[in-house]
Amino acid sequence: MTTRFRRVGGLARVAASAAAALTIVLVPGTANAAAPLPPGVIKLQDGEPCPPATLCLYRDYNNRGPAYGIGAGYHVDLRDLPMSGGVHGPTAANEVSSWVNNTLDVAVLIDIDTETARPLYPLQSLQEPPRTNDTVDVVRWA
């Protein structure tokens, strides 16, 4: 009988450890949990084409590097999008060099530092010119 109780006790300890591990993984705000993306945002692979009805932003020229897609109508602060390898910080703010607007709406690219807003018209792409490269902080929709 003693062996039986030890096994049950051992199983109980294993189950408790597993439950504790799941709690660590599932509780928001823990070091192991990845921060969720804002509503309407998807992560794209390097060089992945921009899906329909999406505004895509790429860290590098020629639609390369880390990238995200923003659904039409979703206002997004680029400081909420993690982006590795940038020169201005760990987020997409002030890091985007290529844009593709595959929506039927006007996207407004906003630089909050200079209080400048520029339109990106439907079904158009943009390779940022040197003076506005790596300046956009926020995306809104007209």
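Here are Val96, Val138: which of them is surrounded by 15 or more Cβ atoms within 10 Å (Cβ to Cβ), within 15 Å of Asp46 (Cα to Cα) and not polar (S, T, N, Q)?
Working: Val138 fails: within 15 Å of Asp46 (Cα to Cα).
Checking each option against the conditions leaves just Val96.
Do you know which residues across the range 89-142 are small (Gly, Ala, Ser) and out of contact with any strand residue (DSSP E or B) (no Cβ under 6 Å at 6 or more places or on another chain)?
Hits for the range 89-142 are Gly89, Ala92, Ala93.
Bear in mind that the values in this text are calculations on the coordinates, not laboratory data. What you see is a predicted model, and the numbers here were worked out from it, not measured in a lab. Methodologically, a virtual Cβ is constructed for each residue, glycine included, from the backbone with ideal geometry; neighbour enumeration extends over all protein chains shown.
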